[in-house]
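The values are calculated or read from the model by the stated rules, or taken from the named source; none is laboratory data. This is a predicted model, so every value here is computed, not measured. Here Cβ is always computed from backbone atoms with ideal geometry, including for glycine, and neighbour counts include all displayed protein chains.
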Amino acid sequence: MATGFNLWSASKCRATPQVALAAGGWLALVLEFVDERDALLGEVWVEVKVGAREGPGQMKYYDDQARLQHPEPRLISLAPEQLEPEFSNVTWQLLYQCARRGSEEQGSWQQHPAWMDFCRFLEEQGVASDALGPLTDR
């Protein structure tokens, strides 16, 4: 799994849902990180799961396809829990918490209205909410 580009050096991120792979199959989401000249720095391939299960060998297949690309994309899952131990996962709850509150290092952080809508959607769908999250002093 590649980690060869500095995400923070990117000027912008382009998100494309439902991307067909040349060898077959569909990626749920591809995030392309580009510099100020619009040159590709790297990609993150995201397999998104809410109610569906992972197909047999699905993450391994995506990883094999990613290894054929240059630069090699980083493969992660966005799911209620870890899909495969060898692949990074972001839980819906963690994404919700970050979208709602930012990180603890960002004391002056303000939630963007689009993130407010996203959080409200996750709450309405029963995917993530403060009630489902861990209890903290915050």
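Key figures for this structure:
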read-out: Hits in region 1-25 - residues which are surrounded by fewer than 11 Cβ atoms within 10 Å (Cβ to Cβ) and modelled with pLDDT of 80 or more; value: Lys12, Ala15, Gln18, Ala20, Ala22, Ala23, Gly24
read-out: Residue ID - surrounded by the most Cβ atoms within 10 Å (Cβ to Cβ), chosen from residues in region 32-77 that are touching a residue at least 40 places away in the same chain (Cβ under 8 Å) and assigned to a strand (DSSP E or B); value: Leu75
read-out: Identity of the residue in region 79-93, under 12 Å from Glu54 (Cβ atoms) and touching a residue at least 12 places away in the same chain (Cβ under 8 Å), that ends up farthest from the chain's Cα centre (by Cα); value: Glu84
read-out: Cβ pairs under 6 Å, 6+ apart, first in region 116-133 and under 13 Å from Leu94 (Cα atoms), second aromatic (Phe, Trp, Tyr) and assigned to a loop (DSSP other than H, G, I, E, B); value: none
read-out: Count of region 118-138 residues which are modelled with pLDDT of 85 or more and surrounded by fewer than 10 Cβ atoms within 10 Å (Cβ to Cβ); value: 2
